[in-house]
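The values are calculated or read from the model by the stated rules, or taken from the named source; none is laboratory data. What you see is a predicted model; the values in this text were computed from it and never measured. Positions of Cβ are backbone-derived with ideal geometry, glycine not excepted, and every protein chain shown enters the neighbour counts. Note: areas computed on protein heavy atoms with side chains; ligands, DNA, RNA excluded. Shrake-Rupley method; radii C 1.70, N 1.55, O 1.52, S 1.80 Å.
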Amino acid sequence: MSKQPRKQRKALYDAPAHKRGKHLSATLSKDLREKIGTRSLPLRVGDKVTVLRGDFKGHEGKILEVDYTNYKVNIEEVTLSKPDGTAILLPVDPSNLMIIKADMDDDRRAKNIKGDN
């Protein structure tokens, strides 16, 4: 892997879908880290997260959408109001998030965490 920033950016732009999910992962809270036994997890719709940095620091909410093309996540409580009064979701970088409650309804996700796959 190269150290050159242009090649790092190109690798992100050209990454296939199975690698994009790895880049969209966030750290786990301390209690989840002990319970699950891993440091971070890929983000999924339904996970409850808290914002660690930026203007919305401390806000908590569920993930509504994961944007794999732009590497961003939309959270229900993180909105901006437009001049006409309508609210729009503000995309957040996954590195600024911490998973508080992981949505474990999916059997494949539970198997991946345990290492059964």
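Could you please tell me which pairs satisfy a Cβ distance under 6 Å, a separation of 6+ or placement on different chains, a first residue in the range 41-59 that is hydroxyl-bearing (Ser, Thr, Tyr), and a second residue that is open to solvent by less than 60 Å² (accessible area, probe 1.4 Å) and not in a loop (DSSP other than H, G, I, E, B)?
As it stands, the answer is Thr50/Met98; Thr50/Ile100, since those pairs meet every condition given.
All but one of (1) in contact with a Leu (Cβ under 7 Å, 6 or more places away or on another chain); (2) at pLDDT 95 or above hold for Ile36; state the number of the condition that does not hold.
Just one mismatch for Ile36, condition (2).
Take the conditions assigned to a strand (DSSP E or B) and loosely packed, with under 11 Cβ neighbours inside 10 Å and apply them to Ile63. Does it pass?
Here the answer is no, as Ile63 does not meet what is asked.
Can you tell which of Leu12, Leu28, Leu24, Leu80 is out of contact with any Pro (no Cβ under 6 Å at 6 or more places or on another chain) and under 15 Å from Leu97 (Cβ atoms)?
Answer to the check: Leu28.
Which residues, counting only those in the range 66-110, are outside any loop (DSSP other than H, G, I, E, B), among the β-branched types (Val, Ile, Thr) and open to solvent by 60 Å² or more (accessible area, probe 1.4 Å)?
Scanning the range 66-110 gives a single hit, Ile88.
How many residues are at pLDDT below 90 and not hydrophobic (A, V, I, L, M, F, W, C) when one looks only at the range 65-116? Lay out the reasoning, then the answer.
As a first pass, look at the range 65-116 and keep what is at pLDDT below 90: 77, 103-116.
After this cut, where a residue has to be not hydrophobic (A, V, I, L, M, F, W, C) as well, the list is 77, 103, 105-109, 111-112, 114-116.
Total satisfying the criteria: 12.
Could you list, in sequence order, all residues of the range 1-55 that are open to solvent by 40 Å² or more (accessible area, probe 1.4 Å) and among the β-branched types (Val, Ile, Thr)?
Correct list: Thr27, Thr38, Val45.
Six or more apart or on different chains, Cβ atoms under 9 Å: show the pairs whose first residue is in the range 1-29 and of a type in the set (S, T, N, Q) and whose second is open to solvent by 100 Å² or more (accessible area, probe 1.4 Å).
Gln8/Met1; Thr27/Arg39; Ser29/Lys101
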